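Participant: Sharing a structure below in structure tokens format, with a few things to ask.
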Amino acid sequence: MRKTSSMVEAGILAAIAIVMALIAMYVPVIGAFVNFVWPLPIIICGMRNGLKWSIMSLIVASIIIAIIISPIQAFFLGAIFGLLGLILGECMRRRFPPMKLMLYGSIGAVIALILNIVLSFAVLDIDPIAMMFKSFEESLTTMGDFYRSHGVSEEDTKAAVASYAEMIKMMRVIMPGAFLLSAPMLAFANYYVAKKVMQRLGESFEDMVPFRNWVFPAWILVPFFASLVGVTYFYVNKMTDTWMYSLCVNIQTVCTFSLVLQAVCLIYWYVYTNNKPKWWAGVATTLIFIVPIISQVMVYVGAMDMVMDFRKIRKDYSTLPKPKKK
């Protein structure tokens, strides 16, 4: 009876994964979000029925997606998101603590991204990264034509195109760091949504440390300042085409993101402990990501918090600060 129930549930969840793939393929805007949480049915299947049934659900969904959409779409979904779904589902089934689950999920996401690129070369004989940047570079011509058709001067058009070309060049350099950063974000988003769904079904899970109390290890400051020195040295000496420069830029990118996130946690902590309106934190966070000078300041605010421990929670998580009474 239990086997029949697991089979039926795995089939239903495979069907949901197929529908989600269709939405991701053909529905603008919403499709992008649905694609991001595509592992959800696989996670739920693994959590409720075990690894064997989640693997079967993934295989069935991938085969049907290959038939009704395209083999390439099925390949990418299965290789990247499918593996992540299998790992998170098994970790949730074993009731791993949230941080341990996030660690395994992030490692799985990194492996899935690397596996996707390797298999793309070996099986499909395509370079997804080269294809992506080729489309970016082709858009430079379209961008220039658009500016000219709207009356922008030739000088300003060339300046805008040159600026965009420089941004594409930098994106190519920081691609490895972007992969590393996308892995935990992908794992967290899917774990969070899966947890909410499973709680609605009567399951209970250990809560994560509140976002306002997140702390990053202070040793991040060592590679951050070392990479800052390295980037400056290679840039001044016109050695930006070396692998050492690329390594320093990627280390700086990952560390900078961690420091900014630490500063955002500090903002939310301040709003919470001082009973300020919650929208203050939302507005402040938005400004960080749209005003360059604020984001640069927040890097050093995050670094100072790592050293000074403004929240006084780094050493003892059992005595977290409470909000002040009005």
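Participant: Put +1 on the Cβ of each Lys and Arg and -1 on the Cβ of each Asp and Glu in the stretch 182-316; which of Q199, L228, Y300 then has its Cα farthest toward the positive end of the dipole?
Facilitator: Q199
Participant: Let me ask something else. Distance from the Cα centre of the stretch 76-93 to that of the stretch 229-268, in angstrom?
Facilitator: 31
Participant: Something else: For the chain, what is the mean residue ellipticity at 222 nm derived from helices alone (per DSSP H run of n ≥ 4: -39500 (n - 2.57); sum divided by total residues; nearest 500 deg cm²/dmol)?
Facilitator: Per the formula, -25000 deg cm²/dmol.
Participant: Could you tell me the calculated FRET efficiency between M7 and M185, based on Cβ-Cβ distance and R0 = 30 angstrom, to the nearest 0.05?
Facilitator: The value I calculate is 0.35.
Participant: Enter the accessible area of Y272 (Å², nearest 10), with the probe set to 1.4 Å and all protein chains included.
Facilitator: Rounded to the nearest 10, the figure is 80 Å².
Participant: Right, another one. At a Förster radius of 51 Å, what calculated FRET efficiency corresponds to the Cβ-Cβ distance of S153 and T273, to the nearest 0.05?
Facilitator: E(calc), rounded to 0.05, equals 0.45.
Participant: Same structure again: By a straight-distance test (C-alpha under 13 Å), which aspartates and glutamates pair with K196 as possible cross-link partners, with residues fewer than eight away in the same chain excluded?
Facilitator: List returned: E206, D207.
Participant: Just the accessible area per residue of the chain, please: how many Å² with a 1.4 Å probe?
Facilitator: 57
Participant: Mind giving me the FRET efficiency for Q296 and I107? R0 is 25 Å, r the Cβ-Cβ distance, nearest 0.05 is fine.
Facilitator: 0.20
Participant: Please compute P(r) over all alpha-carbon pairs of the chain, binned at 10 Å starting from zero, and give each bin as a whole-number percent.
Facilitator: Cα pair-distance distribution for the chain, in percent: 5, 19, 27, 26, 17, 5, 0, 0.
Participant: Can you order the peptides 224-232, 144-152 by their average number of other Cβ atoms within 10 Å per residue, highest first?
Facilitator: Highest to lowest by the protection proxy: 224-232, 144-152.
Participant: Over 21 Å between Cα atoms, which of K276/K312; K169/K238; K134/K238; K195/K276; K100/K276 qualify?
Facilitator: K134/K238; K195/K276; K100/K276
Participant: Of all accessible surface on the chain at a 1.4 Å probe, what whole percent is carbon and sulfur?
Facilitator: The nonpolar share, carbon plus sulfur, comes to 71 percent.
Participant: Quote to one decimal, in nm, the extra length available between E206 and L228 on full extension: 0.36 nm per residue of separation minus the C-alpha distance between them.
Facilitator: The span from E206 to L228 would gain 4.1 nm if fully extended.
The values are calculated or read from the model by the stated rules, or taken from the named source; none is laboratory data. A quick note: this is a predicted structure, and the numbers were derived from the prediction, not measured. With ideal geometry, Cβ positions are generated from the backbone for all residues, glycine too; neighbour counts draw on all protein chains shown. Note: accessible area is taken over every heavy atom of the protein model, side chains too, but ligands, DNA and RNA are not part of it. Shrake-Rupley method; radii C 1.70, N 1.55, O 1.52, S 1.80 Å.
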